[in-house]
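The values are calculated or read from the model by the stated rules, or taken from the named source; none is laboratory data. In this text the structure is predicted, and so the values were computed from the model without any measurement. So basically every Cβ, Gly included, is an ideal-geometry build from the backbone, and we count neighbours across all protein chains shown.
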Amino acid sequence: MKNKYSVFSLIKNAFSQHENWQQAWGNPEPKKEYDAIIVGGGGHGLATAYYLAKKHNLKNIAVLEKGWIGGGNTGRNTTIIRSNYLWDASAGLYDHALKLWENLSQELNYNVMFSQRGVMNLAHNLQDVRDLKRRTHANRLNGIDAVWLNTEEVKKFCPIINTSPNIRYPVLGGTLQRRAGTARHDAVAWGYARGASDMGVDIIQNCEVKGIKRNGDRVEGLETTKGFIKTNKIGVVAAGHSSVIANMAGLKLPLESKPLQALVSEPVKPIIDTVVMSNAVHAYVSQSDKGELVIGAGTDSYVSYTQRGSHNIVEETLKAILELYPIFSRMKMLRQWGGIVDICPDASPIISKTNIKGLYFNCGWGTGGFKATPGSGDLFAHTIANDEPHKLNAAFNLNRFVSGDLVDEHGAAAVAH
Amino acid sequence: MFLINCPFCGERDQSEFSSGGEAHIVRPKQPTELSDDEWAEYLFMRKNIKGIQFERWNHVHGCRKWFNVVRDTSNDKILSVYKMGEKPPVNYK
């Protein structure tokens, strides 16, 4: 790495008032031709380019981003990372990602602030209790750490939760994954961008894809706002806009794009040192290192590309938050925003080839793609480089909607994916 | 959030309605004849348009009737509302 970050480089740069740090990634103009092009410069897209260059020895790669890198859902999510999914296929996929997270700061020489503070999922009725206990057992059979906590143990783990039996949705218990946690979302995009750029990947921002050029059943290149770029391998990682790109190639995907909202409060002293999620009442909360409460709300029920979301969704979420955490009743919310999430009918992603040669899709992450960023990039890179899926993403093919072999993760995902 | 002009009740808040997704997906006349590909197309594949989309809504907290809406999904503006069974307006494509 041309400019390794370390305590020594920090001290060295302190003497020049930190004015001589090198640019972390380049800002090149597109070449005429690439061996592979990744459409979408979010965490997943940049990770894909990084692993293509690192593990599959493809050096002539570009990442095209219509805005700025990490400006889409990578910079808009609530940064929760966990792998406690029900089915074997999902457990394999998400735990692969979690294992990569555990070493990601060292791997990238970039502090992604991965914090294994634990994620607790609450149960509010008898069916929740049964489902979550079942999921705990399934997780443990797949080698994923999970424990069931009763109401007293929930209260002990996170004392500010209201465990009174008299509230509308009383806390009957919960599951805890201690290896789960959060990371700094921007740092993930920046770290992968820096790593990829170092290996010669061209990261081209403000470059929107306008069309896909096809020759029969294979791709030939991309029409972009910076001209035509030739390539015979295109990996699309465009999240909410996946269907728009697919439409350019004459493909239809099983996706619906909807706004998902999040909000943060004013910064306060440390009050909650874990992540608590409640699928049933649509509330999840954690606290950022800056001190803000980070709160995830639900999706709107209709297709929209507006990156806003409706006010009533936020109201419902905050109602639930206030019932579970009465201590937050005087908190002021500072910012609210929306991102467009691409939701699959089975709440599982698609990392797959298509019936057009050289065109690959990594989409359908819905409300919970951030947690999978390193794993998704690694497996998608494998799929593009070998024109075959890795065994960990074989189940997440596009053909499952024809064969009926769905990976139904609505229970583990819900809105709090 | 936006207002929807229910053809039976008039203008109401969007939160009174439930979205039924893409409109004019015709239920197969002979389901037993369908191939797996055709089932996948009917059940799962969606246009998911960024722009003008034809869709179904149900006034679930009102008259509980279904109807069709033409909406621009890039800005949530509603362009037209028409009843079930009526022909979609031709000036939007």
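In table form, for the structure just shown:
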read-out	value
Hits in the range A:149-193 (condition: out of contact with any helix residue (DSSP H, G or I) (no Cβ under 7 Å at 6 or more places or on another chain) and buried (at least 22 other Cβ atoms within 10 Å of the Cβ))	A:Val154, A:Cys158, A:Gln177, A:Ala180, A:Gly181, A:Thr182
Selection count where residues are aromatic (Phe, Trp, Tyr) and within 17 Å of A:Leu255 (Cβ to Cβ), scope the range B:38-64	2
Residue match in the range A:344-361 (condition: under 19 Å from A:Gly71 (Cβ atoms), of a type outside the set (Lys, Arg) and surrounded by fewer than 24 Cβ atoms within 10 Å (Cβ to Cβ))	no
Candidate set: the range A:285-316, residues that are hydroxyl-bearing (Ser, Thr, Tyr) and away from chain B (no Cβ under 14 Å); chosen: the one farthest from A:Gly181 (Cα to Cα)	A:Ser288
Selection from the range B:71-80 of residues that are within 13 Å of chain A (Cβ to nearest Cβ) and at negative phi	B:Arg71, B:Asp72, B:Thr73, B:Ser74, B:Asn75, B:Lys77, B:Ile78
Qualifying residue in the range B:8-30 (condition: surrounded by 12 or more Cβ atoms within 10 Å (Cβ to Cβ), more than 11 Å from chain A (Cβ to nearest Cβ) and basic (Lys, Arg))	yes
Test: residue in the range A:282-290 that is modelled with pLDDT under 90 and within 22 Å of A:Ser164 (Cβ to Cβ)	yes
Counted residues, the range A:10-42 - those being surrounded by 14 or more Cβ atoms within 10 Å (Cβ to Cβ) and in a helix (DSSP H, G or I)	1
Residue list for the range A:181-198, filter: of a type in the set (A, V, I, L, M) and more than 12 Å from the chain's Cα centre (by Cα)	A:Ala187, A:Ala193, A:Ala196
Filter result (among the polar types (S, T, N, Q), touching a residue at least 12 places away in the same chain (Cβ under 8 Å) and either in contact with a Lys or Arg (Cβ under 9 Å, 6 or more places away or on another chain) or more than 9 Å from every other protein chain (Cβ to nearest Cβ) (or both)) within the range A:225-264	A:Thr225, A:Thr231, A:Asn232, A:Ser243, A:Ser257, A:Gln261
Any chance A:Val402 is free of Cβ contacts under 8 Å to residues at least 24 places away in the same chain and among the hydrophobic types (A, V, I, L, M, F, W, C)	yes
Matching residues in the range A:112-152 - criterion: being of a type in the set (D, E, K, R), in contact with a Gly (Cβ under 8 Å, 6 or more places away or on another chain) and within 21 Å of A:Val281 (Cβ to Cβ)	A:Asp131, A:Arg135
Residues that are surrounded by 17 or more Cβ atoms within 10 Å (Cβ to Cβ) and in a helix (DSSP H, G or I), drawn from the range A:101-128	A:Trp101, A:Leu104, A:Ser105, A:Glu107, A:Leu108, A:Asp128
Close pairs from the range A:150-164: first under 14 Å from A:Thr274 (Cα atoms), partner part of a helix (DSSP H, G or I) and not hydroxyl-bearing (Ser, Thr, Tyr), Cβ under 7 Å, at least 6 apart	A:Ile160/A:Ile327; A:Ile161/A:Val154; A:Ile161/A:Lys155; A:Ile161/A:Leu324
Hits in the range B:33-60 - residues which are over 20 Å from B:Met84 (Cβ atoms), at the interface with chain A (Cβ under 7 Å from one of its Cβ atoms) and either touching a Gly at 6+ places or on another chain (Cβ under 8 Å) or not small (Gly, Ala, Ser) (or both)	B:Asp36, B:Asp37, B:Phe44, B:Met45, B:Asn48, B:Lys50
Restricting the range A:43-94 to residues that are touching a strand residue (DSSP E or B) at 6+ places or on another chain (Cβ under 9 Å) and among the basic types (Lys, Arg), the residue that is surrounded by the fewest Cβ atoms within 10 Å (Cβ to Cβ)	A:Lys66
Subset of the range A:362-417 that is in contact with an Asp or Glu (Cβ under 6 Å, 6 or more places away or on another chain) and in a helix (DSSP H, G or I) - its residue that is surrounded by the most Cβ atoms within 10 Å (Cβ to Cβ)	A:Val402
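Table: residues versus (1) in a strand (DSSP E or B); (2) over 20 Å from the mean Cα position of the chain (by Cα); (3) small (Gly, Ala, Ser).
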site	(1), (2), (3)
A:Ala47	no, no, yes
A:Leu52	no, no, no
A:Gly70	no, no, yes
A:Asp131	no, yes, no
A:Arg135	no, yes, no
